[in-house]
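What follows is a short report on a single structure.
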Amino acid sequence: AIKILTHGIGFCYGLNVFILCGLLFAILKWIYDEFGILPSIAGYVAMFFSGWMTVSARNLYWIPFTLILPFVISLFFLKREEKTGKISVWLWAFLIFASVFFKSGCGFEFISCVLINSVLPIFYYGCKNNWSVSKIIKRFFIIGCTGLLGFLSAIGLHIYQLSGYFGNLSQALSLMQNDVARR
């Protein structure tokens, strides 16, 4: 970690943008595979001219790739299952937990969107492949709960760190309560 930090802020900007571009191109590839060339070109043009991308792509506060990582993980697992018939739901759930925990460690902004996006592909593939309602609900529950658990674990860790800083749990909880109420 020290070696990465000694490369300077430019390295961190570049790494952030590199990962974001990789994830965006994974989404464009998925759009191409599912819907064809014209929708993927439209998606590329929309991303290319997006003011949001221009402003936030290298932002080290938002770390925008963390916003779409759980979505791409879900797309990957479900697309792979569609092709091969095999899926490791528990590995998928672990990666959703880890990615949501990492995103929450970078900040709690837009966490509801991240959690929703992590389960949206379940409904797409459920409808596309005529899954039973119980299969959709089971996967929604597993992936949704592990994502929520990743978020709650990050909050728990944050409260633990604050209680260590302030010396007691009640002051840490009070700070968190004031923070939530203010926002």
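Residues in region 134-183 that are aromatic (Phe, Trp, Tyr) and within 25 Å of the chain's Cα centre (by Cα): 4 in all. Where helices (runs of 4 or more DSSP H) fall wholly inside region 1-84, the ranges with 1 or more residues that are surrounded by 11 or more Cβ atoms within 10 Å (Cβ to Cβ), of a type in the set (Phe, Trp, Tyr) and in contact with a Pro (Cβ under 8 Å, 6 or more places away or on another chain) are 9-35, 65-84. Evaluation of residue 119 against the conditions (1) in a loop (DSSP other than H, G, I, E, B); (2) within 22 Å of residue 22 (Cα to Cα); (3) aliphatic (A, V, I, L, M) shows that the sole unmet condition is (1). Could you grab me the full set of residues in region 60-99 that are more than 16 Å from the chain's Cα centre (by Cα), of a type in the set (S, T, N, Q) and within 22 Å of residue 28 (Cα to Cα)? Result: 84, single match.
Identify, please: which residue in region 130-183 is assigned to a helix (DSSP H, G or I), charged (D, E, K, R) and open to solvent by 60 Å² or more (accessible area, probe 1.4 Å) and is, among those, nearest to residue 70 (Cα to Cα)? My answer is 138. Being within 26 Å of residue 33 (Cα to Cα), in contact (Cβ under 8 Å) with a residue 12 or more places away in the chain and open to solvent by 50 Å² or more (accessible area, probe 1.4 Å) is a property that does not hold for residue 110. When 61, 44 are screened for being touching a residue at least 24 places away in the same chain (Cβ under 8 Å) and of a type in the set (Ser, Thr, Tyr), only 61 passes.
The values are calculated or read from the model by the stated rules, or taken from the named source; none is laboratory data. Quick caveat, the model's predicted, so the values are computed rather than measured. Cβ coordinates were reconstructed from backbone atoms using ideal geometry, including for glycine residues, and neighbour counts include every protein chain displayed. Accessible surface areas use protein heavy atoms only, side chains included; no ligands, DNA or RNA. Shrake-Rupley method; radii C 1.70, N 1.55, O 1.52, S 1.80 Å.
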